[in-house]
Amino acid sequence: MMIVSFLASGQGSNFLATAKKIQSGYIKAKIGILVSDNDAPALRKAESIGVKSFRVNPKDYGSKADFEDEMIALFGHCKTDLIVAAGYMRILSPRFVKAFENRIINIHPSLLPAFPGRDAVKQAIEYGVKITGCTTHFIDEGTDTGPIIMQAAVTVLPNDTASTLAKKIHAKEHKILPESIKLFCEGRLKINGRDVIIS
Ligand code: GRF
């Protein structure tokens, strides 16, 4: 069975949605660990459902390479097959990405390639789009540029704020992220250039 580990910097709601689907047996995999780069609520969520969690503080390391090496070692120790970046707010270095090539899946709160990077929901509101959503994709060396696995659309209503819109996007994220992980764990995702073929 595949071992799925998580990276998270925030609330960890996407972690929880996915981990529960693994624990219930809907996704046939084992959970490895959760790693956070800060004292995030995600760490407590992990402990609350019996998932081992680690805080790796970049300030404790002399360089980004040393910081990431510690994370790579932690993921390696539990024999991680797939890393889910579930709200991880740092850019992974090309070296990290190479260490887990085509084995890191990210969730992003926009319909990529629109609004990559930080504050994607705010960017969408400020731009005035009528439809936005969320995207799961493999992480490559760019920022939110990797091959797209799944997307879900959300209508932006005239009275939506960044916070009401984020809530609606979150609800969709909690569906497409576990589905994407399930497909990966079933060996049903094949990357062909920019295209992810689902079998
Ligand atoms: C999500 O909106 C995700 O798309 C983005 O960060 C947020 C994380 O939310 N990358 P949570 O920590 O899973 O609740």
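The 3J(HN,Hα) values that the Karplus relation (6.51, -1.76, 1.60; θ = phi - 60°) gives for the stretch 193-198 are, in residue order, x, 7, 8, 9, 8, 9 Hz. Gly and Pro appear as x. When the Cα positions of 162, 29, 150 are compared along the charge dipole of the stretch 2-198, 29 comes out farthest toward the positive end, with charges on each C-beta of Lys, Arg, Asp and Glu. In the chain, the DSSP beta bridges split such that about 50 percent are antiparallel, to the nearest 5.
For residue 98, the lysines whose Cα falls under 17 Å of its own Cα, not counting residues fewer than eight places away in the same chain, are 64, 79. Taken about its Cα centre, the stretch 1-113 carries a charge dipole of roughly 380 debye when the Cβ of each Lys and Arg holds +1 and the Cβ of each Asp and Glu holds -1.
Could you size up the charge dipole of the stretch 6-70 around its Cα centre, putting +1 on the beta carbon of Lys and Arg and -1 on that of Asp and Glu, and report it in debye to the nearest 20?
Dipole about the Cα centre, nearest 20: 520 debye.
The phi-based Karplus calculation (6.51 cos²θ - 1.76 cosθ + 1.60; θ = phi - 60°) puts the 3J(HN,Hα) values of the stretch 85-90 at 8, 9, x, 8, 9, 10 Hz, whole numbers, x for Gly and Pro.
Phi angles of the stretch 152-162 translate, via the Karplus equation with coefficients 6.51, -1.76, 1.60 and θ = phi - 60°, into HN-Hα couplings of 9, 9, 9, 7, 8, 8, x, 8, 5, 10, 4 Hz per residue; Gly and Pro are given as x.
The charge dipole of the stretch 69-127, taken about its Cα centre with unit charges on the Cβ atoms of Lys, Arg (+1), Asp and Glu (-1) only, comes to about 60 debye. Take 165-177, 49-61 and order them by the average number of nearby Cβ atoms within 10 Å per residue, most first; the result is 165-177, 49-61.
Sort 150, 89 so the one with the fewest other Cβ atoms within 10 Å of its own Cβ comes first.
Going from least to most buried by this count: 89, 150.
Packing, as the average of other Cβ atoms within 10 Å across residues, places the peptides 133-141, 108-116, 186-194 in the order 133-141, 108-116, 186-194, highest first.
A short reminder: the numbers here are calculations on the coordinates, not readings from a lab. Worth saying up front: this structure is predicted, and the values here are computed from it rather than measured. Cβ: placed from backbone, ideal geometry, glycine included. Neighbour counts: every protein chain shown.
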